[in-house]
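The values are calculated or read from the model by the stated rules, or taken from the named source; none is laboratory data. Just so it is clear, the model here is predicted, and its values are computed rather than measured. Cβ placement follows ideal geometry from the backbone for every residue including glycine, while neighbour counts extend to all protein chains displayed.
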Amino acid sequence: MADEVNRLVILGSGPAGLTAALYSARANLNPLLIEGIQPGGQLTITTEVENYPGFEHGIQGPEMMEVFRRQAARFGTRFVTGEANAANLRKRPFELTVDGKTIGAQALIISTGATAKLMGIESEKRMMGYGVSACATCDAAFFKNKEAVVVGGGDTAMEEATFLTKFCTKVTIVHRRDSLRASKIMADRTFAHRKIKPIWDSVVTEVLGLEQDKVTGVRLKNLKTNTETVINCAGVFVAIGHTPNTRLFGRPTRRWGSTR
């Protein structure tokens, strides 16, 4: 049995979850929002946001999400900071287990978002938001008249690289193999651009630069020859895909983590 039953529960505290909370709270639905272990979603790892209406001078990602949260709270949204470990959607009310406590929901909004796949190196994490990004559409304008590196070989990487050419003087695509996963039409279009150059059979082993002082380059390792090289750049865009945060519902024993 649930320890409490709520009229509406929202899973996820990114922009979608907080928008749902704002609308439902104003509709007197008294929503309960489960924030996850990283409240705020992917915008909490973004520095300046300049393309959201209403903030003409830009705003820091974490600050923006705090504004969203305060607005939702103003109308009565309740918050639980915790991790949903299990979900039972086969009965009504629905039941969610959050840090050992069972929460019931007559209605459930799932806005857990997705998590960008990253390279998994320490310097990438340290420089995230200081020149490392997983979204060219979000951050390309910060690299006007500078050089950038895109990591990946699928359609997403091709799209990111092509978009970056509107701002950057040079875009280097680094791919771990000598062939792409991207569709032929996307690859042909991408490499026809004079600003885009590929580096094959290579991985990024280190992002160079000091936090707050921005990225200065990347160290690459050729997987066939084991040789290392350094190329200069101001931005590193990781485009190796996203993982939907839906594992909780596919396998109830698995954990639901941050809202990204």
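Of the residues making up the stretch 170-187, those that are among the aliphatic types (A, V, I, L, M) and either touching a residue at least 40 places away in the same chain (Cβ under 8 Å) or surrounded by 20 or more Cβ atoms within 10 Å (Cβ to Cβ) (or both) are Val171, Ile173, Val174, Leu180, Ala182, Ala187. Would the stretch 238-253 turn up any residue that is in contact with a Cys (Cβ under 8 Å, 6 or more places away or on another chain), at pLDDT 85 or above and part of a strand (DSSP E or B)? The answer is no; no qualifying residue exists. Of the residues Phe55, Phe75, Phe68, only one is free of Cβ contacts under 8 Å to residues at least 60 places away in the same chain, touching a Pro at 6+ places or on another chain (Cβ under 9 Å), aromatic (Phe, Trp, Tyr) and not assigned by TED's automatic domain parsing to the domain that holds Ala141; which? Only one candidate passes the filter, namely Phe68.
Assess whether Lys117 counts as being under 27 Å from Gln212 (Cβ atoms), surrounded by fewer than 17 Cβ atoms within 10 Å (Cβ to Cβ) and touching a His at 6+ places or on another chain (Cβ under 8 Å). Against the criterion (under 27 Å from Gln212 (Cβ atoms), surrounded by fewer than 17 Cβ atoms within 10 Å (Cβ to Cβ) and touching a His at 6+ places or on another chain (Cβ under 8 Å)), Lys117 qualifies.
A search for C-beta distances below 9 Å between a residue of the stretch 188-203 that is not assigned by TED's automatic domain parsing to the domain that holds Phe167 and any residue that is among the basic types (Lys, Arg) and at pLDDT below 95, counting only pairs 6+ apart in sequence or on different chains, returns nothing. Quick check: anything in the stretch 196-219 closer than 21 Å to Val49 by Cα and polar (S, T, N, Q)? Yes. Scanning the stretch 148-169 turns up no residue that is touching a residue at least 40 places away in the same chain (Cβ under 8 Å), in contact with a strand residue (DSSP E or B) (Cβ under 8 Å, 6 or more places away or on another chain) and surrounded by fewer than 22 Cβ atoms within 10 Å (Cβ to Cβ).
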